[in-house]
Amino acid sequence: MSFNLYVLFDWWPQILSAFGTTVFYFIVCSIAAVLFAIFISILLAMRIRGLTTILRIYITVFRNTPLLVQLFLLFYGLPFIGISLPAFLCALIGIMLNEGAFISEIIRGYIESVPKGDWEAGESLALSRFQVIRYAVLPQALRDAVPAMTGQISIVIKDTSLFSMIMISELTRVSNSIYARTFDTTGFLISAICYLLLFLILSVVSKQIEKRFKVKR
């Protein structure tokens, strides 16, 4: 395996475009997954009979089945029942449901770890359970969950490589195209470097976020 500069020079427009696509999908899908996870964790904390059971089933299913299978069902399976979604929506929904299940469990754990006294303080002010969660419990839980959430979000970077299987021209798909035409593995090396670069950037950003929200106890 060697690094061929000629491949980089010949394919740099496609590689640059694919890198931008990967970054775009990572940002959009991460935001969607976090927002969806917060929504799910709030519903779980509400402890609504029946709904909680449904949500637990959803989390169990999506945490214990491969993301690739979920993407295939969305992109290739839904057309069999008359529902055709563009690749972008399939990717977005797939990551939102899959990573949302993991992140919602992280947030739920931190919600449950909030001291009982904080719940009782909110209830003593005649606040509803939803208001207690929104104003007193959730802010604390999200602040404490930042390190775990950023760690889970980093997985989305690797998840984007699966989008090549549903016809999205991100880094992995372009690397495959380069190899198919040149039989040179330089494209894969470039992709690995790009993924590593994204991880390093996310790591730096995560550390800054953790410092920003860290509370001395």
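At-a-glance table
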read-out: Segment 123-149: number of residues that are at pLDDT 90 or above and either of a type in the set (Ser, Thr, Tyr) or in contact with a strand residue (DSSP E or B) (Cβ under 8 Å, 6 or more places away or on another chain) (or both); value: 0
read-out: Selection status of Ile190, farther than 28 Å from Leu97 by Cβ, at pLDDT 90 or above and within 24 Å of the chain's Cα centre (by Cα); value: yes
read-out: Test: residue in segment 149-168 that is touching a Ser or Thr at 6+ places or on another chain (Cβ under 9 Å), over 26 Å from Arg212 (Cβ atoms), in contact (Cβ under 8 Å) with a residue 24 or more places away in the chain and not in a helix (DSSP H, G or I); value: yes
read-out: Answer from Glu170, Glu123 - the residue that is surrounded by 13 or more Cβ atoms within 10 Å (Cβ to Cβ) and under 18 Å from Trp12 (Cβ atoms); value: Glu170
read-out: Hits in segment 85-120 - residues which are small (Gly, Ala, Ser) and in contact with a helix residue (DSSP H, G or I) (Cβ under 7 Å, 6 or more places away or on another chain); value: Ala87, Ala91, Gly94, Gly100, Ala101, Ser104
read-out: Only listed residue being among the hydrophobic types (A, V, I, L, M, F, W, C) and in contact with a Ser or Thr (Cβ under 8 Å, 6 or more places away or on another chain), chosen from Phe62, Phe3, Phe88; value: Phe3
read-out: Test: Thr182 is surrounded by 15 or more Cβ atoms within 10 Å (Cβ to Cβ), under 23 Å from Val34 (Cβ atoms), in contact with a helix residue (DSSP H, G or I) (Cβ under 8 Å, 6 or more places away or on another chain) and not aliphatic (A, V, I, L, M); value: no
read-out: All positions within segment 185-207 that are in contact with a helix residue (DSSP H, G or I) (Cβ under 7 Å, 6 or more places away or on another chain) and in a helix (DSSP H, G or I); value: Thr186, Gly187, Phe188, Ile190, Ser191, Cys194, Tyr195, Leu198, Phe199, Leu202, Ser206
read-out: So Ala136, is it in a helix (DSSP H, G or I) and either more than 21 Å from Ile42 (Cβ to Cβ) or among the aliphatic types (A, V, I, L, M) (or both); value: yes
read-out: Neighbours by Cβ (under 6 Å, 6+ apart or cross-chain): first from segment 173-188, closer than 23 Å to Asp159 by Cβ; second not in a helix (DSSP H, G or I); value: Thr185/Met1
read-out: Top-ranked residue in segment 99-137 [being within 12 Å of Ala37 (Cβ to Cβ) and of a type in the set (A, V, I, L, M, F, W, C); ranked as farthest from the chain's Cα centre (by Cα)]; value: Ile111
read-out: Verdict on Lys158 being of a type in the set (D, E, K, R), exposed (fewer than 15 other Cβ atoms within 10 Å of the Cβ) and closer than 25 Å to Gly94 by Cβ; value: yes
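The values are calculated or read from the model by the stated rules, or taken from the named source; none is laboratory data. Predicted, not measured: the structure shown is a model, and the values here were computed from it. Every residue, glycine as well, gets a Cβ built from its backbone with ideal geometry; the counts of neighbours run over all protein chains shown.
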